[in-house]
Amino acid sequence: MSPIEILKEFNSCYQNIQTIAQDENWLKLIADQKIDPKAATHLGDVLHYLDQAMGCVEEIVEVKFNQEAK
C-alpha cells in the first residue's frame, strides 16, 4: 500500500469507530452497564492513537507530495 492508501484506510477506520462511539446502542450499553464501563475509555483511546498514527502518515504523504510538486 502507498502512504496515501494507508492514510485513507486509517481515515476510514477512524470514521467507522467514531460512528460506533456516537451510536445510540453503544451509548445505551455503557449507560446500562451491560459492558465494562472502561469500554468507552478504551474506545476513546483507540480514536486517540489512530489519530496519532494518521498524523505520522500524513507527514510522509506531505513530504512525498511536496517532492513530487517540485
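The values are calculated or read from the model by the stated rules, or taken from the named source; none is laboratory data. Everything quoted here is computed from the prediction, not taken from an experiment. Virtual Cβ from ideal backbone geometry, glycine too; neighbours counted across all protein chains shown. Accessible surface is based on the protein model in full, side chains and every heavy atom, while ligands, DNA and RNA are left aside. Shrake-Rupley method; radii C 1.70, N 1.55, O 1.52, S 1.80 Å.
Taken along the Cα-to-beta-carbon direction at a fixed 7 Å, the label points for L43 and I6 span 2.8 nm.
Here the Debye sum runs over all C-alpha atoms of the chain as equal scatterers in vacuum, and log10 of I(q)/I(0) at q = 0.14, 0.22, 0.25 Å⁻¹ comes out as -0.54, -0.90, -1.03. Between C56 and Q15, the contour length at 0.36 nm per residue exceeds the alpha carbon distance by 13.0 nm.
Accessible area per residue for the chain, computed on protein heavy atoms with a 1.4 Å probe, is 79 Å². Helix-only arithmetic for the chain: the sum of -39500 (n - 2.57) across DSSP H runs with n ≥ 4, divided by the residue total, places the mean residue ellipticity at 222 nm at -29000 deg cm²/dmol.
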